[in-house]
1. Filter the range A:17-30 down to residues that are over 15 Å from A:Tyr60 (Cα atoms) and within 11 Å of another protein chain (Cβ to nearest Cβ) and give me whichever is surrounded by the most Cβ atoms within 10 Å (Cβ to Cβ).
2. So the check is Cβ under 6 Å with 6+ separation or different chains; which pairs have a first residue in the range B:191-218 that's within 14 Å of chain A (Cβ to nearest Cβ) and a second one that's polar (S, T, N, Q) and in a helix (DSSP H, G or I)?
3. Taking the condition of being more than 18 Å from A:Cys20 (Cα to Cα) and over 15 Å from the mean Cα position of the chain (by Cα), how many residues in the range B:6-33 meet it?
4. Could you check the range A:38-67 and list, in sequence order, the residues that are more than 13 Å from chain B (Cβ to nearest Cβ) and within 10 Å of the chain's Cα centre (by Cα)?
5. Which of the residues spanning the range A:1-56 are among the hydroxyl-bearing types (Ser, Thr, Tyr) and assigned to a loop (DSSP other than H, G, I, E, B)?
6. Determine which single condition B:Ser50 fails, assuming it passes every other condition in (1) in contact with a Phe, Trp or Tyr (Cβ under 9 Å, 6 or more places away or on another chain); (2) surrounded by 16 or more Cβ atoms within 10 Å (Cβ to Cβ).
7. Any residue in the range B:234-262 that's on the phi > 0 side of the Ramachandran plot: show its pairings with residues that are among the aromatic types (Phe, Trp, Tyr) at Cβ separation under 7 Å, as long as the two are six or more apart or on different chains.
8. Being outside any loop (DSSP other than H, G, I, E, B), over 15 Å from the mean Cα position of the chain (by Cα) and touching a residue at least 12 places away in the same chain (Cβ under 8 Å) is the filter here, so list the residues in the range B:142-181 that pass it.
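The values are calculated or read from the model by the stated rules, or taken from the named source; none is laboratory data. Keep in mind that what you see is a predicted model, and the values were worked out from it rather than measured. Here the Cβ positions follow ideal geometry from the backbone for every residue, glycine too, while neighbour counts run over all protein chains shown.
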Amino acid sequence: MAAKKQLVINTKWCKGCGVCAAFCPRGVLALKGEKIQAVQPESCIRCGLCELRCPDYAIYLVEEEDA
Amino acid sequence: MASKLIDKYFREAHLPHIWCPGCGHGVLMRDVAQAVENLGLDKDKVVLVSGIGCSSRAAGYMDFNTMHTTHGRALAFATGIKMAHPELEVIVIMGDGDASAIGGNHLIHAARRNIGITAIVFNNDIYGMTGGQYSPTTPYGEKGTTAPYGNIDRPFDIPKVAEAAGATYTARGTAYDARLTTKLIEEGIRHKGFSIIECASICPTYYGRKNKKGSAVDMYTWQKENSIPAAKAKDMTPEELEGKLVVGELSRSEFPELTEQYQKIIDKFQK
């Protein structure tokens, strides 16, 4: 079975543009102050669109054993 | 702390990059890394050359053999590298001003010679680094610091200019459609002759603010809603295509690649 993927947010690199949140198909992400947060992590389908769209490489998926 | 792709292809000590919040360049730079990864290239055989402007920072962030050159001259330096070492994969990242204004002459001649270089233009339609002056790709009527009443020049269509000058592969992607853009860059690298991929970026700070385009999210949404696949655009009139982004592979043709032709001359005299 494929390892489950986990969502990682690097707040140090996040510039708060909100692009990942706007294009997340499940409303998982939201800006809290100037940084992104997974406010509904249970809804995440691990599609990886946030990783593809983040201009700052601040959000991505990792295989669970690598996390 | 970064993804595997970023770990492998970036100089993490220099991140986060200096580009503004929401800037399309970050997405496009990742697309370049993803394309190289997908092709399985040896990163020590890849050379990344950049010029001057926001886009040129890419050569500092990416962990290939890199060269940050002078304004508009990235293709000239890259030509020297490719002529001396044809076995290397030479990728050039330029901005719109870099590629079509200051380096416009280098662009048309690199295309004319069909040298095996992949040129990637991060086109944000403005000079971002110096404060929002209009560039040769700023749309007609749009504003810049130096065009406060609206731009009175017609914009260049960079892939068309390159095709007319002899480029054997031209394409256009967007920062919004990362998957398509990655694929186009891959094709461009795989292509033997001179290839050019114009990547529509977004500049929310200067172009966006000057022209009331809203937030970065609004600007990506605009790209999403106004991109027309090249195959569909063929059946549309110029009026219908006004203000749209025609995306995908735009042209492909055959002509001998420059360094191969040059090698044949060398071989002739070594017999």
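1. A:Cys17
2. Partner pairs satisfying both residue conditions: B:Cys199/B:Thr181.
3. At the first step, the residues of the range B:6-33 found to be more than 18 Å from A:Cys20 (Cα to Cα) are B:7-15, B:18, B:32-33.
Now restrict to residues that are over 15 Å from the mean Cα position of the chain (by Cα): B:7-15, B:18.
Total satisfying the criteria: 10.
4. If the condition is that a residue be more than 13 Å from chain B (Cβ to nearest Cβ) and within 10 Å of the chain's Cα centre (by Cα), then A:Ala38, A:Pro41, A:Cys44, A:Arg46 are the ones that fit.
5. So the first thing to find is which residues in the range A:1-56 are among the hydroxyl-bearing types (Ser, Thr, Tyr), and the list is A:11, A:43.
A:Thr11, the sole residue that qualifies.
6. (1)
7. Cβ pairs passing all conditions: none.
8. As a first pass, look at the range B:142-181 and keep what is outside any loop (DSSP other than H, G, I, E, B): B:144, B:147, B:158-165, B:169-174, B:178-181.
Still in the running and over 15 Å from the mean Cα position of the chain (by Cα): B:144, B:147, B:164-165, B:179.
Answer for the range B:142-181, where residues must be outside any loop (DSSP other than H, G, I, E, B), over 15 Å from the mean Cα position of the chain (by Cα) and touching a residue at least 12 places away in the same chain (Cβ under 8 Å): B:Gly144, B:Ala147, B:Ala165.
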